[in-house]
Every structure is written in C-alpha cells, then in structure tokens.
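The values are calculated or read from the model by the stated rules, or taken from the named source; none is laboratory data. The structure presented is a predicted model; accordingly, all values stated were derived computationally and were not measured. Cβ coordinates were reconstructed from backbone atoms using ideal geometry, including for glycine residues, and neighbour counts include every protein chain displayed. What goes into the accessible areas is simple: the full protein's heavy atoms, side chains included, and nothing from ligands, DNA or RNA. Shrake-Rupley method; radii C 1.70, N 1.55, O 1.52, S 1.80 Å.
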Amino acid sequence: MRIAVFSTKPYDRAHLAEANAQLDTPHELTFLEARLTAETAALGGGHDAVCLFVNDDASPTALDTLADGGVRLVLTRSAGFNHIDLDAADRLGMPVARVPAYSPYAVAEHAVALLLALNRKLHRAYSRVRDQNFSLAGLEGFDVHGKTLGIVGTGTIGTVFARLMRGFHCEVLAHDPYPNEEIPRLRGTYVGLDELLERSHIISLHCPLTADTHHLLDAAAFGRMQEGALVVNTSRGGLVDAAAAVEALKSGHLGGLAIDVYEEEADLFFEDHSEEVLTDDTFARLLSFPNVLVTAHQAFFTTEALQNIAETTIGNATAFESGSGELHTVPAP
Ligand code: NAD
C-alpha cells in the first residue's frame, strides 16, 4: 500500500521503516512532517492510506479531502482516537485502525515519575543545584507511603499504574464504569468519582477523552478535593479544565499538578517553539507555578512502545490489504 505518514519525526521514521523492512513486500511509506489539518489533507492524495498521530486533526473536511484523493484507510499510531471524526470516516467507508495496546508500562511508569518528581520537587531541585543553590527551603514533600491514591480509569494503563503504586503501600481507590477484577486483587476499592475526589491525596487520570469525560476535573471537582491534593494527568488534556486548575492552584487548594497532556497542546507539543512568544495565556500561567510540572506528551516515548506502535501500525496496513491477519479497527460509532 502507498501510505502517507503525517506528523513524522526522525524517531517515527526509523521505527516505521524498520517494521516495514520486515515484510516480504514492504509498503511504500511517504513520510510527511506536516500535521494533518483540513489545509494539509491534500498531501494525502494519491495514497491508499494515511497514518496519523495524536495531534493530527482528522476532521470531516480533512477526511473528505483524503477520500477524494483516493485514501481508503486511516491508521493511527495511537490507542486514543479522539482526533479522528469517526462519523465522517464511517460515512466515507474508511475503516480506522489503531494500536489498541502498546507498552502500558511506558505511560504508567511516566505517571509514577511525574508523581514522584512533583511531590519531591525534583524539577526545582535540578535547576537549583546546577546554580550552586543547595538550600532545601520549599522542597518539602510528603511520604507517598500510606497515602490514598485515586485512579480514574482502570483499563490497561490504569491497572499497571495501580500495580506499580502498590509498591508504595498506598490505599488505592478506583473509579471506572467497567470495573476490572485485577483492582480488588491489588487490594484496591471501587468508589464513585465524588468519593474518590474527596478522599484521595493523589489523583491520577487514565480514562479516555469522550463527551462524558470532557473536563472531568472542573472547578467543582477541584473544590471537592482535599486541600493539597496532587493531580497527575497522562491521559488526555481535555479531561482537565485548565482554567479551573489555574484557579485551584492560585487559591492554594490544589497542591500540585503534573501533566503530560494539555487541552490546547496540538499547536505546541512535539515542536521547538523556543524562539516564539507563548500566546496561550492559560498555559503560560500554568508554567509559572512552581508546583506545576509539564512534559510534552512523552509518556509513550520508550523504545519498546515505539517498536510496538510501528509493528502494529504496519501490521494493520498489511491486514487491510491482504484481508488476513488482525486489523485493529475502532468500531464505527
Ligand atoms: P483502556 O481503554 O485500556 O482503559 C481506559 C479505561 O477508562 C477503561 O477501563 C474504561 O472503562 C475507563 N473509562 C471510560 N470512561 C470512564 C469514566 N467516565 N470514568 C472512569 N473511567 C472511565 O485505555 P488505556 O490503554 O489504559 O489508556 C488510557 C488513556 O491513556 C487513553 O485513553 C489515552 O488517552 C491515554 N494515553 C496517553 C499516552 C501518553 O503518551 N500520554 C499514551 C497512551 C495512552
């Protein structure tokens, strides 16, 4: 198949080319740096499939342009698919294939790293000691041991996170409309969302972004939390109302926020904007807090995860073309 691969970086190209080279008849991959938008969709013309990543925008207009250009399949190098308009893809008869599971350890381990760094203020300590400032003032954290941890979403990643955090002997509270039998085995307890917010010292988000979960953490949710609670979000930016988070941080009620994802990340993340003025005032305000730690959607970024993603994506294309092998389609809405 001829596949236009949008939003590629050198590491994507290396892993996809390696997975593709394993095939007897490799696909023809066109690596594009451009992000898919309605304006760039014409670049997909003349290809059988497009391959996307999380900040591509497969809107109805973009998908119409792709279909007009002969594209018959949408591949995404991610588990999440909230960047693809599934109704439009269904209307155009384009299956959407994703990577349902790849190293859940990558994301769960990053969530642990964010939590520990935020709590023990490693981001501040790192800069301080390089400036020969060896003062400890302001670096006080708390023992994670014995604290109550709330996990929202106990699918693949949330469950690995729960297992890792068991090592800290936290009391684990979980919330998920579809409970996972592994959680009680890890001595976790399912509770309603309000109870989880009210009782947890640490809250970590691992549910998908849907219409139901958009701004799951809003002003009311932050208000329910304990004074000084820490929030970690490695899932999707839209789960957190960033403006409400700013207010909760300003009042001192929210103890700290560590995010790998941000609602308006699409125009920022994965690129070097260091020579530009930051025009997103909410994001700029978030960056100004000493108790906010941001990584730029790197939780998935391990060698193992990149290999899994490339192999499954190339496998999806082969399964679509040959009619055999597993095509991991997202069910039509
Ligand atoms: P998964 O589908 O295995 O698990 C998601 C869980 O969330 C399911 O158990 C589901 O029932 C639950 N859920 C759905 N609605 C909920 C709600 N309203 N409240 C609580 N739980 C709810 O997905 P996963 O592989 O564990 O991934 C979790 C999320 O992590 C993905 O949706 C994706 O957005 C994010 N992710 C981020 C990165 C990154 O690099 N930062 C990488 C991969 C995945």
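Observations on the structure shown:
- Global form of the stretch 153-210, assessed from the alpha-carbon gyration tensor, a/c cut-off 1.5: rounded
- Annotation for A21 and E182: the two label points, set 7 Å from Cα along the Cα-Cβ direction, are 3.3 nm apart.
- In order through the stretch 247-259: 3J(HN,Hα) via Karplus (6.51 cos²θ - 1.76 cosθ + 1.60), integer Hz, x for Gly, Pro: 5, 5, 6, 4, 6, x, 5, 7, x, x, 9, 10, 10
- Solvent-accessible ranking of E265, E271, largest area first, probe 1.4 Å: E271, E265
- Listed residues I183, I202, I157, most fluctuating in the chain (Gaussian network, C-alpha, under 10 Å): I183
- Shape category assigned to the stretch 289-333 from the gyration tensor of Cα positions, a/c cut at 1.5: oblate
- For L75, residues with placed amide H under 5 Å, excluding near neighbours: V50, C51, L52, A97
- Listed values for the stretch 190-195 are Karplus-derived 3J(HN,Hα) couplings in whole Hz (6.51 cos²θ - 1.76 cosθ + 1.60, θ = phi - 60°), namely 7, 9, x, 4, 4, 5, and x replaces Gly and Pro.
- Efficiency of FRET from Cβ geometry, R166 and S274, R₀ 30 Å, rounded to 0.05: 0.15
- Classification of the chain by its C-alpha gyration tensor yields a prolate form. The axis ratio a/c (a ≥ b ≥ c) is 1.5 or more, and a/b outweighs b/c.
- Solvent-accessible heavy-atom area per residue, rounded to whole Å², over the stretch 81-140 at 1.4 Å: 56 Å²
- Carbon plus sulfur fraction of accessible area for the chain, probe 1.4 Å, in percent: 51 percent
- Taking every alpha-carbon pair under 8 Å whose residues sit at least 6 apart, the chain reaches a relative contact order of 17 percent.
- Two-site label geometry, E304 and S127: point separation in nm, points 7 Å out along Cα→Cβ: 3.3 nm
- Annotation: amide H of L293 within the under-5 Å range of L257, A258, I259, sequence separation 5 or more or interchain, hydrogens built in the peptide plane.
- Average accessible surface area per residue within the stretch 202-333, 1.4 Å rolling probe, Å²: 45 Å²
- Long-range HN-HN contacts of L254 with modeled amide H, under 5 Å: G228, L249
- Protection proxy ranking for 47-57, 223-233, using the average of other Cβ atoms within 10 Å per residue and placing the highest first: 47-57, 223-233.
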